[in-house]
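For reference, the structure discussed in these notes is given below.
The values are calculated or read from the model by the stated rules, or taken from the named source; none is laboratory data. Please read all numbers here as calculations on a predicted model, not as lab measurements. Cβ placement follows ideal geometry from the backbone for every residue including glycine, while neighbour counts extend to all protein chains displayed.
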Amino acid sequence: MRSRVSLIGVVQISGSISLTQGIENKIFLKIVASNDRLQFKTNSEQRRLLNSMIARGVAEHICIDDEILTGSNVGEEQIEHATAMIALGGGKGVLDRAHKMVKKGLPILPLDLQIGSNKEDGNGALGLLKKFRDTPQTYLQNTGSTVVKSISALSLEEPVLEFSQIAKRIITIFYKEEQARHAALPPDVLVLTALPIELSAARQALNINEGVQPIVTSTGLHVWKTEIIRNDGIRANCAIACFSSAGNVDASSITTTLLIELQPKNVIMLGIAAGMREKCALGEVVLSEQVVAYEGAALIEGGATEHRPKSTVLDLKVRQDVSTYLSNKSSLESRLIKSYEALEIILPDSIEIGPVTKSVMPKTVTIGSGEKLLRDPEKFKALKELNGKIEVAEMEGAGVFAACALHKKPVLMIRGISDFGDSTKDNRFHDLAAKAAAAVTADYITHGLTLNN
(Lines give C-alpha, C1' and ligand atoms only; values in the text may rest on other atoms or scores of the structure.)
Protein backbone atom coordinates (compact mmCIF):
# COMPACT_ATOMS: atom_id res chain seq x y z
CA MET A 1 0.00 0.00 0.00
CA ARG A 2 1.62 3.27 -1.09
CA SER A 3 -0.29 5.75 1.06
CA ARG A 4 0.87 7.92 3.92
CA VAL A 5 -0.59 5.87 6.72
CA SER A 6 -1.63 5.76 10.34
CA LEU A 7 -2.44 2.49 12.08
CA ILE A 8 -6.15 1.88 12.59
CA GLY A 9 -8.22 -1.09 13.64
CA VAL A 10 -10.76 -3.45 12.15
CA VAL A 11 -12.42 -4.83 15.26
CA GLN A 12 -14.21 -8.13 15.68
CA ILE A 13 -16.14 -8.34 18.93
CA SER A 14 -14.36 -11.55 19.94
CA GLY A 15 -10.78 -12.66 20.38
CA SER A 16 -8.73 -10.79 17.78
CA ILE A 17 -8.16 -7.29 16.50
CA SER A 18 -6.97 -6.78 12.94
CA LEU A 19 -5.24 -3.52 12.13
CA THR A 20 -5.45 -1.75 8.84
CA GLN A 21 -4.13 1.58 7.58
CA GLY A 22 -5.66 4.80 6.31
CA ILE A 23 -4.72 8.16 4.87
CA GLU A 24 -4.75 11.07 7.30
CA ASN A 25 -8.20 12.60 7.89
CA LYS A 26 -9.86 9.44 6.63
CA ILE A 27 -11.41 6.42 8.34
CA PHE A 28 -9.12 5.20 11.12
CA LEU A 29 -11.21 2.41 12.65
CA LYS A 30 -13.43 -0.20 11.00
CA ILE A 31 -15.67 -2.26 13.25
CA VAL A 32 -16.72 -5.60 11.77
CA ALA A 33 -19.78 -6.82 13.68
CA SER A 34 -23.52 -7.34 13.55
CA ASN A 35 -25.83 -4.87 15.25
CA ASP A 36 -26.70 -7.45 17.91
CA ARG A 37 -23.02 -8.08 18.69
CA LEU A 38 -22.38 -4.37 19.12
CA GLN A 39 -25.41 -4.09 21.39
CA PHE A 40 -24.84 -7.11 23.62
CA LYS A 41 -21.06 -7.63 23.55
CA THR A 42 -20.16 -4.05 24.47
CA ASN A 43 -21.08 -1.90 27.43
CA SER A 44 -22.63 1.56 27.21
CA GLU A 45 -19.32 3.36 27.64
CA GLN A 46 -17.74 1.37 24.80
CA ARG A 47 -20.73 2.04 22.55
CA ARG A 48 -20.58 5.76 23.25
CA LEU A 49 -16.89 5.78 22.33
CA LEU A 50 -17.44 3.87 19.08
CA ASN A 51 -20.48 5.92 18.10
CA SER A 52 -18.69 9.20 18.79
CA MET A 53 -15.83 8.07 16.52
CA ILE A 54 -18.33 7.16 13.80
CA ALA A 55 -20.00 10.57 14.20
CA ARG A 56 -16.63 12.32 13.79
CA GLY A 57 -15.95 10.38 10.60
CA VAL A 58 -12.89 8.55 11.90
CA ALA A 59 -14.61 5.16 12.31
CA GLU A 60 -16.93 3.02 10.22
CA HIS A 61 -19.21 0.16 11.19
CA ILE A 62 -19.09 -2.69 8.68
CA CYS A 63 -22.33 -4.46 9.52
CA ILE A 64 -22.95 -8.16 8.96
CA ASP A 65 -26.59 -9.20 8.93
CA ASP A 66 -27.47 -11.13 12.09
CA GLU A 67 -29.32 -13.77 10.03
CA ILE A 68 -26.13 -14.74 8.17
CA LEU A 69 -23.63 -14.01 10.94
CA THR A 70 -20.98 -16.69 11.25
CA GLY A 71 -17.41 -16.67 12.46
CA SER A 72 -16.35 -17.37 8.90
CA ASN A 73 -18.23 -14.35 7.54
CA VAL A 74 -16.70 -12.09 10.17
CA GLY A 75 -13.24 -13.48 9.47
CA GLU A 76 -13.51 -13.02 5.72
CA GLU A 77 -14.69 -9.44 6.17
CA GLN A 78 -11.80 -8.71 8.53
CA ILE A 79 -9.22 -10.11 6.13
CA GLU A 80 -10.78 -8.07 3.34
CA HIS A 81 -10.05 -4.81 5.17
CA ALA A 82 -7.11 -5.55 7.43
CA THR A 83 -3.45 -4.91 6.66
CA ALA A 84 -2.13 -6.03 10.06
CA MET A 85 -3.34 -8.09 13.01
CA ILE A 86 -3.00 -8.07 16.80
CA ALA A 87 -3.95 -11.47 18.24
CA LEU A 88 -5.54 -11.66 21.70
CA GLY A 89 -6.85 -14.96 23.05
CA GLY A 90 -9.20 -16.87 20.78
CA GLY A 91 -8.95 -20.31 19.27
CA LYS A 92 -9.12 -21.76 15.78
CA GLY A 93 -10.75 -18.63 14.38
CA VAL A 94 -7.74 -16.54 15.36
CA LEU A 95 -5.37 -19.15 13.95
CA ASP A 96 -7.35 -19.22 10.70
CA ARG A 97 -7.20 -15.43 10.36
CA ALA A 98 -3.49 -15.44 11.10
CA HIS A 99 -2.88 -18.14 8.50
CA LYS A 100 -4.69 -16.07 5.86
CA MET A 101 -2.84 -12.92 6.87
CA VAL A 102 0.51 -14.73 6.55
CA LYS A 103 -0.45 -15.92 3.06
CA LYS A 104 -1.06 -12.29 2.11
CA GLY A 105 2.29 -11.28 3.59
CA LEU A 106 0.63 -9.06 6.21
CA PRO A 107 2.10 -8.44 9.70
CA ILE A 108 0.81 -10.14 12.86
CA LEU A 109 1.65 -9.42 16.49
CA PRO A 110 0.41 -11.99 19.06
CA LEU A 111 0.12 -11.02 22.73
CA ASP A 112 0.12 -13.20 25.85
CA LEU A 113 -3.18 -12.38 27.55
CA GLN A 114 -4.65 -15.73 28.67
CA ILE A 115 -8.32 -15.14 28.00
CA GLY A 116 -8.94 -18.36 26.06
CA SER A 117 -11.64 -18.78 23.44
CA ASN A 118 -15.40 -19.10 23.42
CA LYS A 119 -15.30 -22.72 22.28
CA GLU A 120 -11.99 -23.85 23.82
CA ASP A 121 -10.98 -25.03 20.35
CA GLY A 122 -7.34 -24.07 20.19
CA ASN A 123 -4.54 -21.98 21.63
CA GLY A 124 -5.25 -18.96 19.46
CA ALA A 125 -2.93 -16.04 20.21
CA LEU A 126 -0.86 -18.02 22.71
CA GLY A 127 -0.11 -20.61 20.02
CA LEU A 128 0.82 -17.83 17.62
CA LEU A 129 3.08 -16.25 20.24
CA LYS A 130 5.02 -19.50 20.61
CA LYS A 131 5.48 -19.71 16.84
CA PHE A 132 6.41 -16.02 16.72
CA ARG A 133 9.23 -16.61 19.20
CA ASP A 134 10.55 -19.44 16.99
CA THR A 135 10.10 -17.82 13.56
CA PRO A 136 9.41 -14.11 14.06
CA GLN A 137 9.91 -13.16 10.43
CA THR A 138 6.96 -15.34 9.44
CA TYR A 139 4.72 -12.81 11.18
CA LEU A 140 6.73 -9.58 10.86
CA GLN A 141 8.67 -10.15 7.66
CA ASN A 142 10.90 -7.09 7.87
CA THR A 143 11.37 -6.40 11.58
CA GLY A 144 10.45 -9.65 13.33
CA SER A 145 14.00 -10.56 14.32
CA THR A 146 14.29 -7.23 16.16
CA VAL A 147 10.81 -7.21 17.72
CA VAL A 148 11.12 -10.72 19.15
CA LYS A 149 14.00 -9.59 21.37
CA SER A 150 11.69 -7.27 23.31
CA ILE A 151 8.34 -9.04 22.97
CA SER A 152 8.32 -9.85 26.71
CA ALA A 153 8.01 -6.11 27.42
CA LEU A 154 4.54 -6.26 25.81
CA SER A 155 3.26 -8.82 28.31
CA LEU A 156 -0.34 -8.26 29.37
CA GLU A 157 -0.28 -11.15 31.87
CA GLU A 158 2.67 -9.75 33.82
CA PRO A 159 2.84 -6.14 32.63
CA VAL A 160 5.97 -4.14 33.30
CA LEU A 161 4.64 -1.10 31.43
CA GLU A 162 1.47 0.94 31.65
CA PHE A 163 -1.15 -0.24 29.15
CA SER A 164 -0.94 3.11 27.35
CA GLN A 165 2.80 2.57 26.92
CA ILE A 166 2.23 -0.94 25.59
CA ALA A 167 -0.30 0.44 23.10
CA LYS A 168 2.19 3.05 21.89
CA ARG A 169 4.89 0.40 21.47
CA ILE A 170 2.53 -1.78 19.44
CA ILE A 171 1.71 1.13 17.14
CA THR A 172 5.43 1.84 16.77
CA ILE A 173 6.12 -1.80 15.88
CA PHE A 174 3.56 -1.75 13.08
CA TYR A 175 4.75 1.64 11.89
CA LYS A 176 8.36 0.46 11.67
CA GLU A 177 7.29 -2.74 9.94
CA GLU A 178 5.38 -0.73 7.34
CA GLN A 179 8.31 1.64 6.88
CA ALA A 180 10.72 -1.28 6.43
CA ARG A 181 8.35 -3.03 4.03
CA HIS A 182 7.98 0.09 1.96
CA ALA A 183 11.74 0.75 1.90
CA ALA A 184 12.35 -2.78 0.63
CA LEU A 185 10.00 -2.39 -2.34
CA PRO A 186 11.43 -1.76 -5.82
CA PRO A 187 11.60 2.00 -6.37
CA ASP A 188 8.66 3.62 -8.11
CA VAL A 189 11.13 5.96 -9.79
CA LEU A 190 14.85 5.66 -10.56
CA VAL A 191 16.33 9.14 -11.07
CA LEU A 192 19.58 9.08 -13.05
CA THR A 193 22.24 11.77 -13.29
CA ALA A 194 25.61 11.91 -15.06
CA LEU A 195 27.59 14.61 -13.26
CA PRO A 196 28.19 15.47 -9.59
CA ILE A 197 26.48 18.85 -9.98
CA GLU A 198 23.37 17.09 -11.30
CA LEU A 199 23.45 14.56 -8.46
CA SER A 200 23.73 17.40 -5.94
CA ALA A 201 20.72 19.17 -7.46
CA ALA A 202 18.66 15.97 -7.50
CA ARG A 203 19.43 15.22 -3.86
CA GLN A 204 18.55 18.76 -2.83
CA ALA A 205 15.24 18.77 -4.73
CA LEU A 206 14.31 15.35 -3.33
CA ASN A 207 15.26 16.35 0.24
CA ILE A 208 18.26 14.08 0.74
CA ASN A 209 20.65 15.82 3.11
CA GLU A 210 24.36 15.92 2.40
CA GLY A 211 25.10 13.77 5.45
CA VAL A 212 22.94 10.87 4.21
CA GLN A 213 25.14 8.02 3.06
CA PRO A 214 24.28 6.04 -0.07
CA ILE A 215 23.41 2.39 -0.25
CA VAL A 216 26.14 0.51 -2.12
CA THR A 217 24.79 -2.12 -4.49
CA SER A 218 26.36 -5.53 -5.08
CA THR A 219 28.15 -4.08 -8.09
CA GLY A 220 29.52 -1.11 -6.15
CA LEU A 221 27.10 1.53 -7.43
CA HIS A 222 26.01 4.27 -5.02
CA VAL A 223 22.26 4.71 -4.64
CA TRP A 224 20.37 7.16 -2.43
CA LYS A 225 16.79 6.29 -1.46
CA THR A 226 14.01 8.61 -0.43
CA GLU A 227 10.27 8.93 -0.77
CA ILE A 228 7.99 11.66 -2.02
CA ILE A 229 4.51 12.21 -0.63
CA ARG A 230 2.50 12.80 -3.79
CA ASN A 231 -0.48 15.09 -4.21
CA ASP A 232 -2.78 12.04 -4.12
CA GLY A 233 -1.40 10.93 -0.73
CA ILE A 234 0.56 8.05 -2.21
CA ARG A 235 4.17 7.65 -1.13
CA ALA A 236 6.52 7.23 -4.09
CA ASN A 237 9.75 5.35 -3.45
CA CYS A 238 12.61 7.08 -5.26
CA ALA A 239 16.18 5.96 -5.91
CA ILE A 240 18.89 8.31 -7.20
CA ALA A 241 22.14 7.28 -8.87
CA CYS A 242 24.93 8.94 -10.83
CA PHE A 243 27.04 7.66 -13.75
CA SER A 244 29.91 9.90 -12.56
CA SER A 245 30.87 10.55 -16.18
CA ALA A 246 29.35 11.73 -19.44
CA GLY A 247 28.70 9.54 -22.45
CA ASN A 248 26.12 7.10 -23.78
CA VAL A 249 28.25 3.98 -23.34
CA ASP A 250 28.61 4.35 -19.57
CA ALA A 251 25.02 5.58 -19.33
CA SER A 252 23.69 2.46 -21.04
CA SER A 253 25.88 0.07 -19.06
CA ILE A 254 25.15 1.56 -15.64
CA THR A 255 21.45 2.01 -16.38
CA THR A 256 21.22 -1.65 -17.36
CA THR A 257 22.94 -2.72 -14.15
CA LEU A 258 20.63 -0.58 -12.02
CA LEU A 259 17.52 -1.82 -13.80
CA ILE A 260 18.53 -5.40 -13.04
CA GLU A 261 19.51 -4.73 -9.43
CA LEU A 262 16.74 -2.32 -8.38
CA GLN A 263 13.86 -3.29 -10.69
CA PRO A 264 12.41 0.27 -10.77
CA LYS A 265 8.99 0.89 -12.23
CA ASN A 266 9.87 4.18 -13.95
CA VAL A 267 13.09 5.97 -14.96
CA ILE A 268 13.82 9.69 -15.23
CA MET A 269 17.11 11.04 -16.58
CA LEU A 270 17.87 14.44 -15.05
CA GLY A 271 20.61 16.90 -15.95
CA ILE A 272 21.93 19.78 -18.01
CA ALA A 273 22.12 20.12 -21.79
CA ALA A 274 22.96 22.48 -24.64
CA GLY A 275 20.12 24.27 -26.41
CA MET A 276 20.09 25.83 -29.85
CA ARG A 277 20.42 29.59 -29.46
CA GLU A 278 17.43 30.39 -31.67
CA LYS A 279 15.19 27.83 -29.95
CA CYS A 280 16.11 27.79 -26.27
CA ALA A 281 17.04 30.10 -23.41
CA LEU A 282 19.45 29.59 -20.53
CA GLY A 283 17.78 28.09 -17.48
CA GLU A 284 14.85 26.76 -19.49
CA VAL A 285 13.72 23.22 -18.65
CA VAL A 286 12.85 20.77 -21.42
CA LEU A 287 11.17 17.36 -21.38
CA SER A 288 12.04 14.86 -24.09
CA GLU A 289 9.39 14.05 -26.66
CA GLN A 290 11.89 11.91 -28.56
CA VAL A 291 15.63 11.19 -28.37
CA VAL A 292 17.74 11.00 -31.52
CA ALA A 293 21.01 9.05 -31.39
CA TYR A 294 22.61 11.10 -34.14
CA GLU A 295 26.07 9.55 -34.49
CA GLY A 296 25.10 6.27 -36.10
CA ALA A 297 26.64 6.14 -39.59
CA ALA A 298 27.99 3.92 -42.34
CA LEU A 299 31.29 4.57 -44.12
CA ILE A 300 30.58 3.88 -47.77
CA GLU A 301 32.83 3.49 -50.79
CA GLY A 302 34.60 6.66 -51.91
CA GLY A 303 35.06 7.97 -48.35
CA ALA A 304 31.53 9.29 -47.96
CA THR A 305 29.54 8.93 -44.77
CA GLU A 306 25.94 7.80 -44.70
CA HIS A 307 24.29 9.04 -41.53
CA ARG A 308 21.94 6.64 -39.80
CA PRO A 309 20.35 8.40 -36.83
CA LYS A 310 18.06 6.37 -34.59
CA SER A 311 15.03 8.01 -33.00
CA THR A 312 13.23 6.79 -29.89
CA VAL A 313 9.89 8.26 -28.88
CA LEU A 314 8.29 8.15 -25.45
CA ASP A 315 5.94 5.27 -24.86
CA LEU A 316 2.22 6.01 -24.67
CA LYS A 317 2.03 6.03 -20.87
CA VAL A 318 4.76 8.66 -20.55
CA ARG A 319 3.33 10.77 -23.39
CA GLN A 320 -0.05 10.80 -21.66
CA ASP A 321 1.50 11.71 -18.31
CA VAL A 322 3.56 14.55 -19.79
CA SER A 323 0.63 15.96 -21.77
CA THR A 324 -1.62 16.00 -18.72
CA TYR A 325 1.14 17.45 -16.54
CA LEU A 326 1.86 20.37 -18.90
CA SER A 327 -1.82 21.05 -19.57
CA ASN A 328 -2.37 22.27 -15.99
CA LYS A 329 -0.38 25.41 -16.72
CA SER A 330 -1.42 27.82 -13.98
CA SER A 331 -1.06 25.39 -11.07
CA LEU A 332 2.21 24.04 -12.51
CA GLU A 333 3.67 27.51 -12.87
CA SER A 334 2.61 28.46 -9.34
CA ARG A 335 4.20 25.34 -7.84
CA LEU A 336 7.45 25.74 -9.75
CA ILE A 337 7.83 29.37 -8.70
CA LYS A 338 7.67 28.22 -5.07
CA SER A 339 10.08 25.34 -5.75
CA TYR A 340 12.58 27.65 -7.41
CA GLU A 341 12.45 29.92 -4.38
CA ALA A 342 12.99 26.99 -1.99
CA LEU A 343 15.99 25.79 -4.02
CA GLU A 344 17.35 29.35 -4.28
CA ILE A 345 17.17 29.33 -8.07
CA ILE A 346 17.55 32.97 -9.07
CA LEU A 347 17.74 33.48 -12.81
CA PRO A 348 19.46 36.73 -13.89
CA ASP A 349 17.57 39.14 -16.11
CA SER A 350 20.34 38.95 -18.73
CA ILE A 351 23.83 37.64 -19.34
CA GLU A 352 26.26 38.41 -22.12
CA ILE A 353 26.47 34.88 -23.51
CA GLY A 354 22.81 34.80 -24.53
CA PRO A 355 19.15 35.02 -23.57
CA VAL A 356 17.90 33.81 -20.18
CA THR A 357 14.45 32.26 -19.80
CA LYS A 358 11.72 34.49 -18.39
CA SER A 359 9.44 31.59 -17.51
CA VAL A 360 9.59 28.56 -15.24
CA MET A 361 7.28 26.59 -17.54
CA PRO A 362 8.95 23.52 -19.09
CA LYS A 363 8.37 22.47 -22.68
CA THR A 364 8.73 19.30 -24.75
CA VAL A 365 11.48 19.05 -27.37
CA THR A 366 13.35 16.57 -29.51
CA ILE A 367 16.80 15.92 -28.04
CA GLY A 368 19.90 14.87 -29.96
CA SER A 369 22.23 12.49 -28.12
CA GLY A 370 25.84 11.79 -29.06
CA GLU A 371 29.34 11.26 -27.72
CA LYS A 372 30.81 14.64 -28.58
CA LEU A 373 30.72 17.83 -26.52
CA LEU A 374 29.36 20.51 -28.84
CA ARG A 375 31.23 23.83 -29.04
CA ASP A 376 30.54 24.66 -32.70
CA PRO A 377 27.15 26.25 -33.52
CA GLU A 378 27.36 25.15 -37.17
CA LYS A 379 27.80 21.51 -36.21
CA PHE A 380 24.94 21.91 -33.73
CA LYS A 381 22.67 23.34 -36.45
CA ALA A 382 23.74 20.53 -38.76
CA LEU A 383 21.88 18.10 -36.51
CA LYS A 384 18.67 19.49 -37.98
CA GLU A 385 19.64 17.93 -41.28
CA LEU A 386 19.36 14.56 -39.54
CA ASN A 387 16.16 15.43 -37.70
CA GLY A 388 14.51 18.78 -38.24
CA LYS A 389 13.00 18.86 -34.75
CA ILE A 390 16.23 18.71 -32.72
CA GLU A 391 16.58 21.72 -30.41
CA VAL A 392 18.72 20.30 -27.59
CA ALA A 393 21.85 18.15 -27.44
CA GLU A 394 23.32 16.02 -24.64
CA MET A 395 25.47 12.90 -24.16
CA GLU A 396 23.61 10.23 -22.13
CA GLY A 397 20.00 10.03 -23.27
CA ALA A 398 20.44 7.54 -26.10
CA GLY A 399 22.18 5.10 -23.77
CA VAL A 400 19.56 5.45 -21.05
CA PHE A 401 16.66 5.09 -23.50
CA ALA A 402 18.24 2.04 -25.16
CA ALA A 403 18.67 0.29 -21.80
CA CYS A 404 15.11 1.12 -20.74
CA ALA A 405 13.70 -0.09 -24.07
CA LEU A 406 15.51 -3.40 -23.63
CA HIS A 407 14.01 -3.83 -20.15
CA LYS A 408 10.61 -2.39 -21.08
CA LYS A 409 10.78 0.45 -18.55
CA PRO A 410 8.99 3.77 -19.17
CA VAL A 411 11.56 6.59 -19.31
CA LEU A 412 11.58 10.37 -19.54
CA MET A 413 14.47 12.85 -19.83
CA ILE A 414 14.31 16.24 -18.09
CA ARG A 415 17.09 18.75 -18.88
CA GLY A 416 17.95 22.28 -17.90
CA ILE A 417 19.60 24.43 -20.60
CA SER A 418 23.08 25.41 -19.41
CA ASP A 419 24.70 26.68 -22.65
CA PHE A 420 24.25 26.99 -26.42
CA GLY A 421 26.80 24.45 -27.62
CA ASP A 422 29.13 27.10 -29.02
CA SER A 423 32.28 29.02 -28.07
CA THR A 424 30.45 30.85 -25.26
CA LYS A 425 30.03 27.57 -23.40
CA ASP A 426 31.18 27.80 -19.77
CA ASN A 427 30.09 26.56 -16.36
CA ARG A 428 28.25 29.62 -15.10
CA PHE A 429 24.77 28.22 -15.70
CA HIS A 430 25.45 24.60 -14.77
CA ASP A 431 24.22 24.86 -11.18
CA LEU A 432 21.07 26.86 -12.00
CA ALA A 433 20.17 24.64 -14.95
CA ALA A 434 20.69 21.45 -12.91
CA LYS A 435 18.59 22.79 -10.03
CA ALA A 436 15.81 23.87 -12.40
CA ALA A 437 15.71 20.41 -13.98
CA ALA A 438 15.68 18.83 -10.52
CA ALA A 439 12.82 21.09 -9.38
CA VAL A 440 10.72 20.03 -12.37
CA THR A 441 11.63 16.38 -11.80
CA ALA A 442 10.46 16.48 -8.17
CA ASP A 443 7.26 18.27 -9.17
CA TYR A 444 6.59 15.83 -12.02
CA ILE A 445 6.96 12.83 -9.69
CA THR A 446 4.58 14.50 -7.23
CA HIS A 447 1.94 15.80 -9.66
CA GLY A 448 2.45 14.25 -13.10
CA LEU A 449 3.75 10.69 -13.02
CA THR A 450 1.21 7.88 -13.04
CA LEU A 451 2.53 5.16 -10.77
CA ASN A 452 2.30 1.57 -11.94
CA ASN A 453 0.53 -0.94 -9.71
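Tell me which residues, restricted to the range 187-199, are surrounded by 13 or more Cβ atoms within 10 Å (Cβ to Cβ) and either at positive phi or not acidic (Asp, Glu) (or both). Lay out the reasoning, then the answer.
Filtering the range 187-199 down to residues surrounded by 13 or more Cβ atoms within 10 Å (Cβ to Cβ) leaves 187-195, 197-199.
Those that are surrounded by 13 or more Cβ atoms within 10 Å (Cβ to Cβ) and either at positive phi or not acidic (Asp, Glu) (or both): PRO187, VAL189, LEU190, VAL191, LEU192, THR193, ALA194, LEU195, ILE197, LEU199.
Given the conditions (1) free of Cβ contacts under 8 Å to residues at least 60 places away in the same chain; (2) among the acidic types (Asp, Glu); (3) surrounded by 16 or more Cβ atoms within 10 Å (Cβ to Cβ), and given that GLU378 satisfies all but one, which numbered condition is not satisfied?
Going through (1) free of Cβ contacts under 8 Å to residues at least 60 places away in the same chain; (2) among the acidic types (Asp, Glu); (3) surrounded by 16 or more Cβ atoms within 10 Å (Cβ to Cβ) one by one, GLU378 breaks only (3).
Within the range 245-276, can you find the residues that are among the polar types (S, T, N, Q) and either at pLDDT below 95 or within 16 Å of ILE417 (Cβ to Cβ) (or both)?
Selection gives SER245, ASN248.
Scanning the range 382-418 for residues that are small (Gly, Ala, Ser) and not in a helix (DSSP H, G or I), which turns out surrounded by the fewest Cβ atoms within 10 Å (Cβ to Cβ)?
Out of the qualifying residues, it is GLY388.
Against the condition part of a helix (DSSP H, G or I), touching a Lys or Arg at 6+ places or on another chain (Cβ under 6 Å) and modelled with pLDDT of 95 or more, how does ALA239 come out, does it pass?
So ALA239 fails the test.
Tell me, please, whether a residue that is surrounded by fewer than 14 Cβ atoms within 10 Å (Cβ to Cβ), over 23 Å from PRO214 (Cα atoms) and in contact with a strand residue (DSSP E or B) (Cβ under 6 Å, 6 or more places away or on another chain) can be found in the range 288-298.
The answer is yes; a qualifying residue exists.
Being among the acidic types (Asp, Glu) and surrounded by fewer than 23 Cβ atoms within 10 Å (Cβ to Cβ) is the filter; apply it to the range 419-442 and report the residue that is modelled with the highest pLDDT.
For the range 419-442, the residue satisfying everything is ASP431.
Only residues that are under 13 Å from GLY416 (Cα atoms), out of contact with any helix residue (DSSP H, G or I) (no Cβ under 6 Å at 6 or more places or on another chain) and not small (Gly, Ala, Ser): list them for the range 342-366, please. So that I can check it myself, show each step before the final result.
As a first pass, look at the range 342-366 and keep what is under 13 Å from GLY416 (Cα atoms): 345, 347, 356-357, 359-365.
Subset that is out of contact with any helix residue (DSSP H, G or I) (no Cβ under 6 Å at 6 or more places or on another chain): 347, 356-357, 359, 363-365.
Hits for the range 342-366 are LEU347, VAL356, THR357, LYS363, THR364, VAL365.
Just to be sure before I move on: is ALA202 within 20 Å of ALA437 (Cβ to Cβ) and either surrounded by 23 or more Cβ atoms within 10 Å (Cβ to Cβ) or of a type in the set (D, E, K, R) (or both) in the structure I sent?
In short, yes.
Please state which one of PRO377, PRO410 is of a type outside the set (A, V, I, L, M) and within 34 Å of the chain's Cα centre (by Cα).
Checking each option against the conditions leaves just PRO410.
What is the number of the single condition among (1) outside the structural domain of PHE429 (by TED's automatic domain parsing); (2) closer than 24 Å to SER288 by Cβ; (3) of a type in the set (Lys, Arg) that LYS176 does not meet?
(2)
Among the residues of the range 122-133, which ones are loosely packed, with under 14 Cβ neighbours inside 10 Å and either touching a helix residue (DSSP H, G or I) at 6+ places or on another chain (Cβ under 9 Å) or not charged (D, E, K, R) (or both)?
ARG133
Tell me which residues, restricted to the range 346-385, are over 30 Å from ASP250 (Cα atoms) and among the aliphatic types (A, V, I, L, M).
ILE346, LEU347, ILE351, ILE353, VAL356, VAL360, MET361
Hey, can you tell me all the residues within the range 236-260 that are surrounded by fewer than 17 Cβ atoms within 10 Å (Cβ to Cβ) and either within 12 Å of the chain's Cα centre (by Cα) or over 25 Å from LYS372 (Cβ atoms) (or both)?
Listed by number, the list holds a single entry, ILE260.
Do the conditions hold for LYS372, that is, is it assigned to a loop (DSSP other than H, G, I, E, B), of a type outside the set (S, T, N, Q) and within 33 Å of the chain's Cα centre (by Cα)?
It is false that LYS372 is assigned to a loop (DSSP other than H, G, I, E, B), of a type outside the set (S, T, N, Q) and within 33 Å of the chain's Cα centre (by Cα).
Taking helices (runs of 4 or more DSSP H) that fall entirely within the range 122-206, which contain at least 3 residues that are under 30 Å from GLY448 (Cβ atoms) and touching a strand residue (DSSP E or B) at 6+ places or on another chain (Cβ under 8 Å)?
In the range 122-206, 163-184, 196-205 are the helices (runs of 4 or more DSSP H) which contain 3 or more residues that are under 30 Å from GLY448 (Cβ atoms) and touching a strand residue (DSSP E or B) at 6+ places or on another chain (Cβ under 8 Å).
Since ILE79 meets every condition but one in (1) assigned to a loop (DSSP other than H, G, I, E, B); (2) within 30 Å of CYS63 (Cα to Cα); (3) aliphatic (A, V, I, L, M), which condition does it not meet?
Of everything listed in (1) assigned to a loop (DSSP other than H, G, I, E, B); (2) within 30 Å of CYS63 (Cα to Cα); (3) aliphatic (A, V, I, L, M), ILE79 misses just condition (1).
Out of all the residues in the range 172-182, which are surrounded by 14 or more Cβ atoms within 10 Å (Cβ to Cβ) and either over 18 Å from ASN207 (Cβ atoms) or touching a residue at least 40 places away in the same chain (Cβ under 8 Å) (or both)? Spell out how you get there, then give the answer.
Step one: of the range 172-182, the residues surrounded by 14 or more Cβ atoms within 10 Å (Cβ to Cβ) are 173-182.
Residues satisfying the conditions are ILE173, PHE174, TYR175, LYS176, GLU177, GLU178, ALA180, ARG181, HIS182.
In the range 419-453, how many residues are over 21 Å from the mean Cα position of the chain (by Cα), part of a loop (DSSP other than H, G, I, E, B) and either outside the structural domain of SER334 (by TED's automatic domain parsing) or touching a residue at least 60 places away in the same chain (Cβ under 8 Å) (or both)?
8
Take the range 299-323 and flag every residue that is crowded, with 18+ Cβ neighbours inside 10 Å and modelled with pLDDT of 90 or more.
Hits for the range 299-323 are THR312, LEU314, VAL318, ASP321, VAL322.
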